[in-house]
Every structure is written in C-alpha cells, then in structure tokens.
Ligand code: IFM
C-alpha cells in the first residue's frame with residue numbers, strides 16, 4: 001500500500017446527528033426539528049433533540065478521538081446555533097461551543113475540518129422559501145463570514161456544503177428529508193441556490209484572507225447500465241446527469257450539462273440562473289470533498305410494479321441491486337470499485353485539484369455481545385476494501401489527501417432515526433455510553449501505520 005506521507009486519516013459527524021441540546025444556549029429552530037416532530041417523517045418518531053448528547057459530552061468525545069488516534073475530525077456547525085433566525089445577531093454561546101471544540105481538537109493535535117452546512121437550515125429561512133429562495137444564498141454567505149471570522153485562525157479545512165444533491169432532491173424534490181417539500185421545480189431552484197450559496201460563501205471567506213483550504217463536498221455515485229439495452233443506457237445517462245454532472249459541471253466547467261438543460265429547462269430560465277451566477281459558482285476551490293457510499297445500477301423504469309431500489313421520478317429510471325453484490329443495513333450495494341472509478345473520473349474529466357474523501361462508511365446490524373464487545377467484522381472488511389480502492393486511485397494519479405470515515409459514532413440517521421448504526425464507536429442510546437467497536441481498534445492501527453494490514 002502507498003498512502004502518501006501526511007495523508008490525513010479522520011472521522012466525520014454532523015451537528016444535528018450528534019449534538020442534541022436542541023433547545024439550549026439560544027439555539028434557534030431548524031428545519032430538521034420541524035420535520036422530525038411531524039409524525040410519520042422519521043422512523044419511530046426519533047428526533048435529534050438529544051441524539052448522542054455530544055453537546056454536553058464534548059470533553060469525553062474529544063478524549064475518545066484522541067484515544068482512536070484520529071489525525072483529523074470533520075464536524076459541522078449548526079447554523080441555528082450561530083444565528084437562531086438565520087440572519088441577524090450572532091448567538092455567542094453557540095459560537096463558543098465550536099470554539100471549545102476546535103481548541104480541544106488542537107490540544108490533541110487533531111486537524112479540524114469544518115462543514116458550514118450539513119442540512120440544518122434555520123426554520124425562519126425556510127419560512128421565507130428556504131433554498132428555493134435566492135435570499136437564502138446571500139444569508140448563507142453572511143453566516144459563513146461570521147463563522148470564518150471566529151475560527152479561520154484555528155481551522156485549516158473549510159467545506160461550504162455537504163451533499164447539495166441530498167438537500168435539493170431528498171429535501172425539496174422527494175420530501176423524504178426536511179423540509180419535506182415535493183417538486184422537481186423546487187429541487188432545481190434549491191440546487192441552483194445551494195451552488196450559488198457555495199460560490200458566494202467561498203468568495204466572502206477568500207476576501208477575508210488566510211491560507212486555509214476551501215472546498216465543497218458532493219455525494220457522487222457512478223451510474224452503471226443494468227442491462228445493455230438502449231433504454232437502460234439512456235436511463236443511466238440521466239441518472240449520472242442528475243446525481244453527478246448536475247453538480248460537477250457548474251462547479252468545474254461553469255455550466256449546467258447540455259442534456260440536463262434539455263431535461264430541466266428551468267435551469268436555463270434567466271429568472272433563476274442570473275448573469276454571473278455560474279461564474280460565482282465556478283470560482284476555484286482548493287479541493288473537492290467526495291462522499292462515496294454506492295454505485296447506481298440503473299434500469300429504465302416504466303412506472304409499473306414496485307421499484308426494488310431507488311427510483312428517480314421524472315427520469316424514467318430506477319436502481320436495482322447488481323448481481324451478487326452484498327448490501328449494508330441501508331440496503332446499499334457494497335462496491336468499493338466505484339470509489340476508484342469516481343475518483344479517477346473526477347481527475348480525468350473535471351479537476352486535478354486535491355481530493356478528500358469526506359465520508360465513506362457503512363451501517364451494519366451492530367450489537368453488544370454478552371461481554372460488551374461489538375464485533376463488527378463486516379465494517380472492518382468494508383473499510384479495508386474501500387481504503388484499498390482509494391489507494392488504487394492514488395496509484396492512478398489522483399491527488400488524494402485524506403479519508404474521513406463516516407462516522408465517528410452511531411447517530412441520528414435522518415429519516416431512519418437511530419435505527420441505522422454507522423459508527424466506529426457504538427452508542428448505547430439509553431445511557432449514552434460510548435463503546436469503541438472492533439473497527440475502531442482496527443482503524444487505530446491503520447492510522448498509526450499509515451498502511452493496511454496484509455489481507
Ligand atoms: O448520515 C449521512 C450523512 O449525514 C451524509 N452522508 C451520508 C450519511 C449516511 O447516510
């Protein structure tokens with residue numbers, strides 16, 4: 001194996017998924033509070049009110065990270081903790097929490113990587129249209145500048161948005177995430193304003209100076225053809241367009257893809273995409289963050305019968321399980337080769353800028369055995385295979401700088417509530433006790449050696 005010297009091994013989390021303390025120290029309401037309180041939206045009625053109680057267990061969790069030997073930690077800042085109304089005055093205690101977090105990381109020589117937006121939009125902004133409104137992009141840039149002003153000296157890696165595809169399509173298109181709105185037009189407006197917000201925030205932070213690395217995180221999934229038919233090829237092209245190119249093209253080429261403009265004429269509407277927007281969106285970043293979980297194996301969907309996988313409404317496409325692939329507890333196929341594939345493609349088709357894998361990991365049916373051990377050997381195998389796939393991309397010329405495992409600890413998995421466990425560390429939710437799983441002990445050795453054990 002050949003991970004370069006200085007390769008950053010880390011783990012990732014997000015504010016709403018772990019913090020809890022939803023009504024403390026002046027935090028405002030977010031769209032995930034509203035969404036999760038509505039019966040039927042989240043499995044078992046779970047909410048992030050308490051989550052892993054990380055807000056109150058900060059020191060314990062920092063110690064845990066130190067014990068795991070993490071070199072980097074990716075976390076997100078909760079916008080409604082900083083600006084309870086989404087604009088206007090800063091909530092000091094909210095900012096102080098992240099100051100303490102960052103100081104604690106630095107004390108332990110763990111590099112902080114900060115995400116500004118991981119889906120918890122202040123509800124007040126949603127009341128004014130949320131990401132379908134252009135105003136939200138401007139407010140996001142103001143919020144970014146507030147956080148940057150406070151933490152730029154201590155945080156070297158900045159990520160504007162986490163997975164804008166998920167915010168736009170699951171939140172505004174399919175309604176399975178907050179704010180639970182349904183409509184292709186809304187998802188497209190949200191897509192554009194999220195990207196614009198990224199561009200404006202990046203520009204605002206650049207103007208403030210500092211030699212930090214600024215980037216954005218996309219969730220990317222190669223789209224493969226299910227059967228070699230013209231209809232499946234067409235369906236796979238559309239899924240690739242929607243899931244990958246709709247975000248990569250404006251960021252790195254300064255335009256929406258031609259075929260997506262044909263499919264979604266709204267993206268050519270000057271009322272939505274104004275002069276100069278694409279220049280703002282495509283201003284250079286210092287790195288791209290990639291979240292990789294799965295490939296899409298795509299078949300045409302004539303809308304008959306029940307789709308066994310994910311269906312892409314309006315695209316005439318659905319995903320199916322690839323023959324023989326094992327799946328995670330999320331039902332996602334395990335295909336490490338897709339990680340090499342997407343990294344090499346970015347390098348060849350979009351940018352030679354450095355890349356971080358900002359999330360990669362899996363949920364399995366973990367449980368504590370009578371001795372209190374969590375023997376998650378499936379996760380060890382999963383991570384081992386994906387680390388090898390990342391290394392294969394490095395050998396093929398990709399400038400990969402680091403790898404953040406999703407997730408540091410089990411947490412609130414959005415619409416799935418607490419039913420899906422992605423953590424290196426097990427959380428016993430009743431007591432909030434943290435128990436490192438076997439994968440955590442294994443990962444510690446990988447980090448220490450900057451290498452993988454012989455397979
Ligand atoms: O838990 C999420 C995370 O918030 C964003 N990326 C995917 C993870 C697993 O679904």
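The numbers here are math on the coordinates, done by the rules we state, and not lab data. All of these numbers come straight from a predicted model, not from anything done at the bench. A quick note on method: Cβ atoms are made from the backbone with ideal geometry, for glycine too, and the neighbour counts reach across all protein chains shown.
Structure notes:
- Separation of the stretch 323-371 from the stretch 256-273 is 30 Å, based on Cα centroids.
- In terms of surrounding Cβ atoms within a 10 Å radius of their Cβ, 348, 359 rank from fewest to most as 348, 359.
- From the Kirkwood radius over Cα pairs of the stretch 309-393, Stokes-Einstein at 25 °C and 0.890 mPa s returns a whole-number translational diffusion coefficient of 161 µm²/s.
- Ranked for footprinting exposure by Cβ neighbours inside 10 Å, fewest first, 327, 132 give 327, 132.
- Out of every Cα-Cα pair that the stretch 197-295 contains, those further apart than 21 angstrom amount to 44 percent.
- The stretch 300-418: relative contact order in percent, alpha carbon pairs under 8 Å with at least 6 residues between: 25
- Within the chain, helix-based [θ] at 222 nm, where runs of 4 or more DSSP H residues each add -39,500 (n - 2.57), nearest 500: -10500 deg cm²/dmol
- Considering all C-alpha pairs of the stretch 29-178, those separated by over 21 Å amount to 47%.
- Based on alpha-carbon atoms, the Kirkwood radius and the radius of gyration of the stretch 309-455 give Rg/Rh equal to 1.00.
- The ranking of 353, 238, 433 by Cβ neighbour count inside 10 Å, starting from the fewest, reads 433, 353, 238.
- Rg in Å to one decimal, and Dmax rounded to a whole Å, for the stretch 83-131 via C-alpha atoms: 13.9, 42
- Orientation-averaged projected area, Cα convex hull of the chain (nm²): 20.6
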